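Notes to accompany the following structure.
Coordinate-derived values only; no laboratory data. Owing to the predicted nature of the structure, the values given are computational and were not obtained by experimental measurement. Quick reminder, even Gly has a Cβ in these numbers, built from the backbone with ideal geometry, and neighbours come from all protein chains shown.
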Amino acid sequence: MSGWDAHEFTAAAGTRVHAAVLGPPGAPEVVCIHGLGCSHRYWLPFARALSPHARTVAPDLPGFGRTPGPRRALDVRGLSRALADWLRATGRHPALLVANSLGCQVVVDLAVHAPELVGPAVLIGPTFDRAARSTPVQVARLLRDALRERPSLAPALLTSYAQCGIRRAWRTYRHALHDPVEHKLHHLRTPVVVARGTRDPIVPRAWAEEIASLLPDGRPASVPGAGHALNHGAPLELARFTRALLEEAGGGAGRVRP
């Protein structure tokens, strides 16, 4: 059993995009965008925490999870265009977006070329700190974070990385490392919560605060004792931030689908 209510497969972005769904039909929808090498799998704790109030939809971007991708790894713009095509194909726009890590870069880039598709957003641990865009630093931070996450995260990540492959993960990482997200933040004009675990070594507090300050409506939020993947390690707290945005939107985002 996957733990999800349903699995969708949609012709979009030149492939067959998979998305896992959990929550009551007809409830406001929240779209979750995974990080590097990840997939829908590590969103399940968050989806369960949110399920009494919203319907969570977690697509796998091309080349990750259960969505086939092209031979060459997509860069950030390629991933955001794929997301845009899927949002249009499924009618999920403007969407309330919750993104983790590299997924935050994808959401910010989406706002550059398709702002009409973007609703309020929660950016969890947005990468990459512009003061530390080097592989040795990022690898060291990742290893430290591994010790601060819940042990149950490991099986979900190992399965996801096995599906995408190390080569695709590495090439995607190289694209994302050189993506200057700070220069694009002004395009994301919806209310945005920038969430960070206080024990997240990948995203220092100063970087998260800078991200929030550069957004037109950025709101910093922290979760004491949590690491980088709040969607798995602190799902109740993350659900609280998300519910607040849904209530503020008043139905203007999080399209309700039958």
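Numerical summary
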| item | result |
| --- | --- |
| Cα-based equivalent ellipsoid of the range 115-246: semi-axis lengths in Å, sorted from largest, via gyration tensor | 23, 19, 15 |
| For the range 9-135, convex hull volume per residue from C-alpha positions, Å³ | 106 Å³ |
| The chain - share of DSSP beta bridges that are antiparallel (%, nearest 5) | 35 percent |
| The range 158-228: C-alpha gyration tensor shape, a/c 1.5 cut-off, then a/b vs b/c | oblate |
| Euclidean distance between Cα centres, the range 45-80 to the range 8-44, Å | 5 Å |
| Mean Kyte hydropathy of -0.5 or more with a Cα span along the axis of at least 20 Å, helices from DSSP in the chain | 76-90, 235-249 |
| Anisotropy class of the chain from Cα gyration tensor, a/c 1.5 cut | rounded |
| Karplus (6.51, -1.76, 1.60) ³J(HN,Hα), θ = phi - 60°, over the range 44-59, in Hz, Gly and Pro reported as x | 4, x, 5, 4, 5, 5, 8, 4, x, 10, 8, 10, 8, 10, 10, x |
| Net charge over other residues, Cβ less than 10 angstrom from the Cβ of ALA208 (K, R count +1; D, E count -1) | -2 |
| Computed [θ] at 222 nm, helices only, for the chain once each DSSP H run of length n ≥ 4 contributes -39500 (n - 2.57) | -11500 deg cm²/dmol |
| Note, ³J(HN,Hα) from phi for the range 221-231, Karplus 6.51, -1.76, 1.60, rounded to Hz, x at Gly and Pro | 8, 10, 10, x, x, 9, x, 7, 9, 4, 4 |
